[in-house]
Every structure is written in structure tokens, then in C-alpha cells.
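Notes to accompany the following structure.
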Amino acid sequence: MAGGFEKTDWIWRDGEFLRWEDATIHVMSHVAHYGSSIFEGIRCYATPNGAAIFRLEDHMKRFLDSGKVYRMEIDYSVEELSLIVEETVRRNNLPEGYIRPLAMRGYGSPGLNPATSPLHLYVICWPWGAYLGDEGMQKGVDAGVSSWQRMEPNTFPALAKAGGNYLNAGLMRMEAVANGFAEAIALGPGGLVSEGSGQNVFLVRDGLLITPALDGTLLPGLTRDSIITLAKDIGIPVSEQPVPREMLYTCDEAFFTGTAAEVTPIRSVDRIPVGTGTVGPITRTLQSRFLGIARGQIPDSYGWCRVVRTGGAVPVG
Ligand code: PMP
């Protein structure tokens, strides 16, 4: 265990594999002072065909998009990055867990302009179970609306998954835990519902599945996208729209989506029960379809799961 979680043996950095213990950075790295990193969070599931990575190419596409916003030159294609991720999972013999591609500004410029700071790329993976707990997945979690709000559009780009954005998310999460909640729900600068600290939010009201639209305050989650797709395909109408805070209290069902949180039901918000305070039927259906596909128990007609090939190594640099 390292810092409360289980480590693996190998971390890929800039074209080579390092031992976990050797993947250290200098204290003058730009990222340590200014939060100048972008990253991804991806899950790999144990399936009957072996480890399968969920929506790998889409995650790597978002990674490159995040880099582009922050003027980071990442000289790898989506497929090259995907092969590196695959190789990292294979080399660590990780049957299932979490994968963290990361690009960070290194040791160079002491000032804000990172022109002389090299960009370093990493791929890390480790075992990671249910983010909000197994019981949370079954019975739902208690959430609280945060006193912190998400950033205004055109301040910190919300479409980019950047390290610095998580200072805001961390404030929310710490406050939620201090108040006895499992997770926070943030409002945007206009007072409308935005997202969780590291999840998107969905509500159900009278059979309609509702989620905040991409308004420049929230991350376009790939789990969000998967759930919208699955819902439409089984005939559940979906609305991406402005969501007033009070809808959190009057809806029939609510849940979080995210790579780490997967599909986690919300059973109360600000101690007001969501619906009857139990997990609703639409939440349960979407949760089991999502996990069924990711775990290879339901056929993947979307091409979302990429089985990690065993045997021959692929180029890593
Ligand atoms: N919002 C934030 C702020 C997040 O960090 C995440 C997790 N990446 C999400 C939403 C959910 O995104 P995804 O489903 O792609 O993991």
C-alpha cells in the first residue's frame, strides 16, 4: 500500500517504464507551483475475455483536447497513447482498476510562462474499487449542495481536465465530508446545478432523464455520454438543460456518473430524501446496463470496451 492505496510496479514516463518508486519529480517543477497538468481517469474492467479498458480512445481524445487548450504539445496520436495505456496495464498485470494518463510541466521556468519547462507524459495505473463505496453503489449516497461554486465560463476552461481545476473540486469534497456527506453537488456561477466534485449529475422526473447542459462550468463526462446513449437506446427520453437547485429536492431519482464513481445513486440531497430515499428503477436499470457492458456481461454493441491483448509487447515510446 502507498498512501492508502495499492500501488503497481511500473509507471510509463516519456517513452520508458520506471519502477513506481522512481517516478518522482523535482520540487521546482512548474506543475508543483502552478497546477499546470492535464490528465485522464480511465477504468479497466475484468471481463470474461480479460482486462478491458472502457472508452480508451475517447479518453485519449479528451486528453489531447485538454492539452490543446493549455498549449501543450503532445506528440502522440490517440492510437499511440492508447497502445501505451494498454501496455502499462499489461505490464502491471492489472486485471481491473484505474488508469491515469498525465501530462505535466516540469523543471524549467520558475515563472508562469512554461516556455522553458519540459512537458512530461506519464501513464500510471492501480487497483481502485468503488469510489463512493460498495454500499453507496447499492443503496445510494447522501450528497450536499456545496457552498463553493464551479468556475465561471472563460475563467478556468471546464472542458479541459486540468490539474488546477481540482483545487475547486477539492474544496467541495473536503467541505462535503466535513458536513457528513459522501459527495458534493456544485452550482455554477448562475446558481444552477453544475456537477459533482468529480462526477456529472443526473435527475429523473416523471420518466424524463435530466442532466445539466454543457454550459462551460462542467466536464463533458464520458460516463455522462455513455448514460445518455444507453438511455436513448432503451427509450428513456433525455433532456440536457438548465437545472435549478430545487429540482434536486423534487426529483424522483438522482445519480452521479463518472469513471471513478461509475453510476452511483443519490439517496438524499441536503438531507432531503430523493424520491422515496431508495434507488429508483431508471437509476438501477442504467447502472446495471452500464456495468454489464463494462464488465463484458452484456454485449458491447457500441465498441466501448477494448480488451487488453496478452502476449507480444507493443512499442511504448
Ligand atoms: N466532472 C468532473 C469534474 C470530473 O473530474 C469527472 C471525472 N473525470 C467527471 C465529471 C466525469 O467524467 P468521466 O465520466 O469522463 O469520468
Filter region 290-317 down to the residues that are at pLDDT 95 or above, in contact with a strand residue (DSSP E or B) (Cβ under 9 Å, 6 or more places away or on another chain) and either in a helix (DSSP H, G or I) or loosely packed, with under 12 Cβ neighbours inside 10 Å (or both) and list them by number.
PHE290, LEU291, ILE293, ALA294
Do any residues in region 43-71 that are of a type in the set (Lys, Arg) and open to solvent by 10 Å² or more (accessible area, probe 1.4 Å) have Cβ atoms under 8 Å from those of residues that are part of a helix (DSSP H, G or I) and within 14 Å of the ligand (Cβ to nearest atom), where the two are at least six apart or on different chains, and which pairs are they?
ARG43/ALA294; ARG55/LEU222; ARG55/SER226; ARG62/LEU222
Quick check on region 174-186. Is at least one of its residues closer than 25 Å to ALA23 by Cα and either modelled with pLDDT of 95 or more or not β-branched (Val, Ile, Thr) (or both)?
no
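When you scan region 232-265, how many residues do you find that are part of a helix (DSSP H, G or I) and within 16 Å of the ligand (Cβ to nearest atom)?
Matching residues across region 232-265 total 0.
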Could you check region 202-231 and list, in sequence order, the residues that are among the charged types (D, E, K, R), under 19 Å from the mean Cα position of the chain (by Cα) and part of a loop (DSSP other than H, G, I, E, B)?
ASP215
May I ask you to verify whether GLU79 is acidic (Asp, Glu), part of a helix (DSSP H, G or I), more than 16 Å from the ligand (Cβ to nearest atom) and surrounded by fewer than 19 Cβ atoms within 10 Å (Cβ to Cβ)?
yes
Working carefully through the options GLY196, GLY235, GLY280, GLY190, find the one that is on the phi > 0 side of the Ramachandran plot and not hydrophobic (A, V, I, L, M, F, W, C).
GLY235
Residue hits (region 140-164; open to solvent by less than 60 Å² (accessible area, probe 1.4 Å), over 24 Å from GLY275 (Cα atoms) and in contact with a Leu (Cβ under 9 Å, 6 or more places away or on another chain)) are ARG150, ALA158, ALA160, LYS161, GLY163
Among the aliphatic types (A, V, I, L, M), touching a Phe, Trp or Tyr at 6+ places or on another chain (Cβ under 6 Å) and over 24 Å from LYS61 (Cβ atoms), is that true of ILE210?
no
Residue ID - farthest from ARG71 (Cα to Cα), chosen from residues in region 165-185 that are surrounded by fewer than 16 Cβ atoms within 10 Å (Cβ to Cβ) and within 16 Å of the chain's Cα centre (by Cα):
GLY170
Residues that are away from the ligand (no atom under 16 Å from the Cβ), at least 2 per element: which strands (runs of 3 or more DSSP E) completely within region 1-74 meet that?
10-13, 16-19, 42-47, 50-54
Considering residues that are more than 14 Å from LEU286 (Cα to Cα), within 11 Å of the ligand (Cβ to nearest atom) and surrounded by fewer than 22 Cβ atoms within 10 Å (Cβ to Cβ), the number found within region 215-225 is 1
Please work out which one of (1) open to solvent by 80 Å² or more (accessible area, probe 1.4 Å); (2) over 25 Å from PRO157 (Cα atoms); (3) free of Cβ contacts under 8 Å to residues at least 24 places away in the same chain is the condition TRP20 fails and give its number.
(1)
Considering region 266-276 alone, what residues qualify as being open to solvent by 10 Å² or more (accessible area, probe 1.4 Å), touching a residue at least 24 places away in the same chain (Cβ under 8 Å) and outside any strand (DSSP E or B)?
ASP270, ARG271, GLY275
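The values are calculated or read from the model by the stated rules, or taken from the named source; none is laboratory data. Just so you know, these numbers come straight off a predicted model, no measurement behind them. Using ideal geometry, Cβ is built from the backbone for each residue, glycine included, and neighbour counts are taken over all protein chains shown. Side chains are part of the model used for accessible areas, which takes the heavy atoms of the whole protein and leaves out ligands, DNA and RNA. Shrake-Rupley method; radii C 1.70, N 1.55, O 1.52, S 1.80 Å.
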